[in-house]
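Participant: Encoded as C-alpha coordinates, here's the structure I'll be asking about.
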Amino acid sequence: MIFAPRKRRPPAINIVPMLDILTILLIFFVVTTTFKRPQPAVKIDLPAATQTEDAGATDAVVITFTADLQIFLNEQPTSLEDLPQTFKMKFPRIPEKVALRADRSVPLGEIIRLTEALRGLGIQTLPTFTERATSGEPQAIAPQAE
(Lines give C-alpha, C1' and ligand atoms only; values in the text may rest on other atoms or scores of the structure.)
Protein backbone atom coordinates (compact mmCIF):
# COMPACT_ATOMS: atom_id res chain seq x y z
CA MET A 1 0.00 0.00 0.00
CA ILE A 2 1.32 3.34 -1.03
CA PHE A 3 0.42 6.33 1.04
CA ALA A 4 0.26 9.70 -0.60
CA PRO A 5 2.64 12.14 1.10
CA ARG A 6 0.79 14.95 2.80
CA LYS A 7 1.82 18.48 2.02
CA ARG A 8 2.97 20.08 5.20
CA ARG A 9 1.87 23.62 5.70
CA PRO A 10 4.48 25.90 7.13
CA PRO A 11 3.66 26.96 10.70
CA ALA A 12 1.97 30.38 10.86
CA ILE A 13 1.30 32.70 13.72
CA ASN A 14 -2.25 33.95 13.84
CA ILE A 15 -2.04 37.66 14.71
CA VAL A 16 -5.78 38.41 14.77
CA PRO A 17 -6.18 37.57 18.49
CA MET A 18 -3.03 39.59 19.23
CA LEU A 19 -4.51 42.61 17.42
CA ASP A 20 -7.71 42.25 19.43
CA ILE A 21 -5.78 42.31 22.69
CA LEU A 22 -3.69 45.30 21.61
CA THR A 23 -6.85 47.20 20.62
CA ILE A 24 -8.44 46.51 24.00
CA LEU A 25 -5.26 47.65 25.78
CA LEU A 26 -5.14 50.82 23.70
CA ILE A 27 -8.76 51.65 24.52
CA PHE A 28 -8.11 50.95 28.22
CA PHE A 29 -5.12 53.29 28.37
CA VAL A 30 -6.87 56.07 26.46
CA VAL A 31 -9.92 55.91 28.72
CA THR A 32 -8.01 55.73 32.00
CA THR A 33 -5.42 58.39 31.20
CA THR A 34 -5.94 61.71 32.93
CA PHE A 35 -4.88 64.67 30.90
CA LYS A 36 -3.07 67.21 32.99
CA ARG A 37 -3.05 70.88 32.13
CA PRO A 38 0.38 72.43 31.96
CA GLN A 39 1.14 74.11 35.25
CA PRO A 40 3.12 77.33 35.13
CA ALA A 41 6.61 77.44 36.53
CA VAL A 42 5.68 80.24 38.93
CA LYS A 43 3.98 78.82 42.03
CA ILE A 44 1.43 81.05 43.79
CA ASP A 45 -1.37 80.61 46.32
CA LEU A 46 -4.57 81.44 44.44
CA PRO A 47 -7.55 82.96 46.25
CA ALA A 48 -10.71 80.86 46.58
CA ALA A 49 -14.05 81.63 44.96
CA THR A 50 -17.42 79.91 44.95
CA GLN A 51 -17.83 80.11 41.19
CA THR A 52 -14.70 79.61 39.16
CA GLU A 53 -14.30 80.25 35.48
CA ASP A 54 -11.62 78.80 33.28
CA ALA A 55 -9.66 81.79 32.07
CA GLY A 56 -8.36 79.85 29.08
CA ALA A 57 -5.13 78.72 30.68
CA THR A 58 -3.95 76.90 27.62
CA ASP A 59 -4.06 79.66 25.03
CA ALA A 60 -4.17 82.87 27.07
CA VAL A 61 -1.35 85.29 27.76
CA VAL A 62 -0.92 84.86 31.51
CA ILE A 63 0.32 87.64 33.77
CA THR A 64 1.37 86.25 37.14
CA PHE A 65 1.71 88.37 40.31
CA THR A 66 3.62 86.52 43.07
CA ALA A 67 3.49 87.04 46.82
CA ASP A 68 6.81 88.92 46.79
CA LEU A 69 5.34 91.38 44.22
CA GLN A 70 7.21 90.02 41.21
CA ILE A 71 5.43 90.11 37.86
CA PHE A 72 5.80 87.45 35.17
CA LEU A 73 4.55 87.73 31.60
CA ASN A 74 4.13 84.13 30.43
CA GLU A 75 6.86 83.02 32.88
CA GLN A 76 9.19 85.85 31.78
CA PRO A 77 10.02 88.12 34.74
CA THR A 78 9.34 91.82 34.35
CA SER A 79 8.52 94.80 36.54
CA LEU A 80 5.38 96.91 36.69
CA GLU A 81 7.22 99.84 35.11
CA ASP A 82 8.63 97.71 32.27
CA LEU A 83 5.44 95.72 31.68
CA PRO A 84 4.01 97.96 28.88
CA GLN A 85 7.30 97.92 26.94
CA THR A 86 7.80 94.17 27.43
CA PHE A 87 4.19 93.49 26.45
CA LYS A 88 4.45 95.60 23.28
CA MET A 89 7.75 93.94 22.29
CA LYS A 90 6.44 90.43 22.85
CA PHE A 91 2.96 91.04 21.37
CA PRO A 92 2.81 93.71 18.63
CA ARG A 93 -0.97 93.22 18.46
CA ILE A 94 -3.16 92.92 21.55
CA PRO A 95 -3.87 89.22 22.15
CA GLU A 96 -7.48 88.07 22.37
CA LYS A 97 -7.03 86.37 25.75
CA VAL A 98 -5.08 87.91 28.60
CA ALA A 99 -5.54 86.49 32.10
CA LEU A 100 -4.26 87.39 35.57
CA ARG A 101 -2.96 84.97 38.21
CA ALA A 102 -2.32 86.79 41.48
CA ASP A 103 -1.32 85.38 44.84
CA ARG A 104 -3.89 85.93 47.57
CA SER A 105 -1.41 87.97 49.63
CA VAL A 106 -0.82 90.61 46.91
CA PRO A 107 -2.26 93.96 48.07
CA LEU A 108 -5.29 95.16 46.15
CA GLY A 109 -3.57 98.43 45.34
CA GLU A 110 -0.82 96.61 43.44
CA ILE A 111 -3.38 94.65 41.44
CA ILE A 112 -5.18 97.91 40.60
CA ARG A 113 -1.88 99.43 39.43
CA LEU A 114 -1.31 96.38 37.22
CA THR A 115 -4.80 96.53 35.70
CA GLU A 116 -4.41 100.26 35.03
CA ALA A 117 -1.11 99.60 33.23
CA LEU A 118 -2.86 96.95 31.12
CA ARG A 119 -5.76 99.28 30.36
CA GLY A 120 -3.19 101.75 29.07
CA LEU A 121 -2.21 99.05 26.56
CA GLY A 122 -5.83 98.63 25.44
CA ILE A 123 -6.74 95.52 27.45
CA GLN A 124 -10.18 96.18 28.94
CA THR A 125 -11.21 92.79 30.32
CA LEU A 126 -8.89 90.76 32.50
CA PRO A 127 -10.20 87.38 33.68
CA THR A 128 -8.56 85.96 36.78
CA PHE A 129 -7.60 82.49 37.97
CA THR A 130 -9.07 81.28 41.25
CA GLU A 131 -9.40 78.01 43.12
CA ARG A 132 -12.75 76.49 44.02
CA ALA A 133 -13.64 77.26 47.64
CA THR A 134 -13.83 74.27 49.96
CA SER A 135 -16.52 73.91 52.61
CA GLY A 136 -14.18 75.05 55.41
CA GLU A 137 -13.27 78.39 53.81
CA PRO A 138 -15.46 81.49 53.93
CA GLN A 139 -17.44 81.94 50.74
CA ALA A 140 -16.20 84.73 48.51
CA ILE A 141 -18.54 86.92 46.50
CA ALA A 142 -17.74 86.95 42.79
CA PRO A 143 -17.38 90.43 41.26
CA GLN A 144 -20.04 91.49 38.79
CA ALA A 145 -19.07 92.05 35.16
CA GLU A 146 -19.35 95.58 33.82
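Participant: With the checklist (1) modelled with pLDDT of 85 or more; (2) surrounded by 12 or more Cβ atoms within 10 Å (Cβ to Cβ); (3) not acidic (D, E) in hand, flag the one item P95 doesn't pass.
Facilitator: The one condition P95 does not meet is (1).
Participant: Quick check on Q39: is it assigned to a loop (DSSP other than H, G, I, E, B), modelled with pLDDT under 85 and surrounded by 10 or more Cβ atoms within 10 Å (Cβ to Cβ)?
Facilitator: Against the criterion (assigned to a loop (DSSP other than H, G, I, E, B), modelled with pLDDT under 85 and surrounded by 10 or more Cβ atoms within 10 Å (Cβ to Cβ)), Q39 does not qualify.
Participant: If the Cβ limit is 7 Å and pairs must be 6+ apart or interchain, which residue in segment 96-109 that is part of a loop (DSSP other than H, G, I, E, B) pairs with which residue that is of a type in the set (G, A, S)?
Facilitator: K97/G56; K97/A60; D103/A67; S105/A67; V106/A67
Participant: Also, quick follow-up: Evaluate the following for P47: is it closer than 19 Å to I112 by Cα, out of contact with any helix residue (DSSP H, G or I) (no Cβ under 7 Å at 6 or more places or on another chain) and at pLDDT below 75?
Facilitator: Here the answer is yes, as P47 does meet what is asked.
Participant: Continuing with this model, one more query. Pick from E75, E131, E146: which is within 24 Å of the chain's Cα centre (by Cα), at pLDDT below 75 and not aliphatic (A, V, I, L, M)?
Facilitator: On the way: E75 fails: at pLDDT below 75; E146 fails: within 24 Å of the chain's Cα centre (by Cα).
After ruling out the rest, the residue left standing is E131.
Participant: For the condition surrounded by 10 or more Cβ atoms within 10 Å (Cβ to Cβ), of a type in the set (V, I, T) and modelled with pLDDT of 70 or more, what is the one hit in I13, I27?
Facilitator: Only one candidate qualifies: I27.
The values are calculated or read from the model by the stated rules, or taken from the named source; none is laboratory data. All figures in this text were calculated on a predicted structure; none of them were measured in a lab. With ideal geometry, Cβ positions are generated from the backbone for all residues, glycine too; neighbour counts draw on all protein chains shown.
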